[in-house]
Structure formats: structure tokens, C-alpha cells
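**Q** Got a structure for you, written out below as C-alpha cells; questions coming shortly.
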Amino acid sequence: TDESSGYESESAERSAAAGGTRGRQRRARTAFTSEQVCRLEKTFQRQKYLGATERRKLAAALQLSEIQIKTWFQNRRMKLKRQI
């Protein structure tokens with residue numbers, strides 16, 4: 001028989017509430033390839049902000065989502081700001 005005290009689900013709910021995810025799973029961290037990072041860095045050197053068209057083209061070329069590109073650029077700008 002598959003009897004459970006419910007403890008496992010209680011602890012999962014508690015950790016989800018503590019993390020603020022409200023039951024949703026966080027997206028796994030993207031592991032960019034060195035080629036993708038190289039292309040992203042080169043693009044970043046030319047322009048710190050991408051428009052929708054450039055973001056769409058870069059996402060297609062690197063086989064990443066537009067959100068991944070957008071997030072990478074946001075994070076890269078923050079890294080630059082911290083270095084200055």
C-alpha cells in the first residue's frame with residue numbers, strides 16, 4: 001500500500017512558500033556554450049542595448065530564446081556597472 005504521512009508534500013509546500021515560488025518550478029539555469037558567450041560579448045561590445053529585431057535575430061542565430069538574450073544583456077549591463 002502507498003501510505004504517506006503527507007510530510008513530504010508539507011515540506012515541499014513550505015520550501016516553495018519560503019522561496020516565494022508559490023508551487024512553480026524555477027527555470028533551470030542556462031549553460032551557455034563558449035561560442036554563444038563569444039557572440040553575445042561581441043554584440044555587447046558594439047551595442048549595450050538590443051532592439052526587438054536585433055534580439056530576435058540573435059536568438060535565432062544562437063538557438064536561444066529572446067528572453068534568454070534579454071536576460072543575458074541585462075545581467076551583462078549590471079556586471080559592467082559593478083566593474084565601473
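Rule-based calculations on the coordinates, nothing more; no lab input. Remember, predicted model here, so these are calculated numbers, not experimental data. Glycine gets a Cβ as well: all are built from the backbone with ideal geometry, and neighbour counts include every protein chain shown.
**Q** Quick one: if you stick a label point 7 Å off each Cα along the C-beta vector at Lys48 and Thr71, how many nm between them?
**A** 2.3 nm
**Q** Which net charge results for the neighbourhood of Trp72, defined as the other residues with beta-carbon distances under 11 angstrom from its beta-carbon, given Lys and Arg at +1 and Asp and Glu at -1?
**A** Overall, the nearby charge balance is +4.
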